[in-house]
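Have a look at the structure below, then the notes.
A short reminder: the numbers here are calculations on the coordinates, not readings from a lab. Predicted model, so just to flag it, every value in this text is computed and none were measured. Glycine also receives a Cβ, built like all others from the backbone with ideal geometry; neighbour counts cover every protein chain displayed.
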Amino acid sequence: MNVYEAARERLSFIFQEFDNIFVSFSGGKDSSTLLNLCIDHIRKNRLERKIGVFHIDYEAQYRLTTEFVDKTLSENLDIIDPYRVCMPLRVRCATSMFQSYWTPWEKEKRDIWVRELPPDSYNEDNHSFDFFEHGMSDDEMQENFCFWYHRRMNATRTCALIGIRTQESLNRWRAIHSTRNYRLYKGMRWTRDLGGGVYNAYPIFDWTAEDIWVANGRFHWDYNQLYDRFYQAGLAVDKMRVASPFNDWATESLKLYRVIDPNNWAKMVGRVNGVNFTGIYGGTTAMGWRNIKLPEGHSWKSYLEFLLSTLPEATRNSYLTKLQTSIKFWREKGGVLSENTIHSLQESGVDVDAGGISAYKTDKRPVKMDYIDDIDLDEFQYIPTYKRMCICVMKNDHLCKYMGFALTKSERDRRKKVMEKYIDML
């Protein structure tokens, strides 16, 4: 059985088991393939049912993406119910040192919107999302939409189909193959039980990028023509992303807007702080990419202090809080490093307190240590250094994901409360 046949078998199972289904659709190649598979399944089996299509419209995006979304949603209204969300959501921003988030479709800034609201969209003046709160993130919107849609359809079981592939990243691989005790639907490893009769499912998790394009060609599926422009621009397949243009994944390729979509680019420059700078220097040492060099007369610690001194107070304090948390963690609790890395650190004169067996599920040993300036080792990305923190600041990585930070306790608590609230409502 090939991946196409496996995906069709999974979809057949889902359509038999769930009375309520929707597809999370971004306009990118993976979610488009998943939606095309669903459309084919409904039409070939002549099913008398509709599925929902959930799309977050980020206002600032490629014109070709907007045109593709318009076309896809309008041509299949007999079998889909579109939910095009144009709400003022809190979206991560890595172009600016002044703001870690930006807000698309913010009414107060309508005069500088990149484009006007699409017709029939769910927007601030026209929606029925009883869970929406100002300051809600796009991730929270997606999570809560599942439960809202479940209640709206008065469903017994709702399945949210998500087009992620494990080839794309380690995090996506973990989402499927993690050994954590996730609640599944009937033991299917490619499902997740969110509670209250709501589930996520990932039917194309085992597809490769090549599988996506073979399917598009073989079955003559429509796709976002933006990918043709990416290909013409010489972009590697793994760099072709359709997402919010200002997040940390997009900064390296933000400059492509200037060539592919110059009209939108002119509007984007005035929409969010730092876009033009990132368009010029994204992917360079100026923003922490490639081999950054230490200015003469500085240590990485003193250079970090200098970088922080140039930031607005709120941004500076946010970085300092994360740095202090990390310093305390490595001193008191410690991380885990390989035997070779521990040995290399000790040979370099670094004071390392290495323990025996870690409480984590890993073969690596627990290690307590102070932050060091820098060191040239293969596991550089796992060692607490001031150089890594400098890279976070230069990348405008406000969440410090490069340092391995996850959500803060307050962010986790907020997310947990919102999830519990809407599960209880079911």
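Looking at the range 31-88, which GluC sites (Glu not before Pro) are DSSP coil and have at most 15 other C-beta atoms within 10 Å of their C-beta?
Qualifying residues, ordered by number: Glu48.
Please order Arg218, Arg157 by the number of other Cβ within 10 Å, starting at the fewest.
Neighbour counts put them in this order, fewest first: Arg218, Arg157.
Could you pull out the chymotrypsin sites (Phe, Trp or Tyr not before Pro) across the range 307-401 that fall in loop regions by DSSP (anything but H, G, I, E, B) with no more than 10 other Cβ atoms inside 10 Å?
Passing both the DSSP loop test and the Cβ count: Tyr360.
For the range 3-210, rounded, prolate or oblate, judged on the Cα gyration tensor with a ≥ b ≥ c (square roots of eigenvalues), a/c < 1.5 rounded, else prolate if a/b > b/c?
Numbers: a/c = 1.59, a/b = 1.41, b/c = 1.13.
Prolate shape, in that a/c is at least 1.5 and a/b is the bigger ratio.
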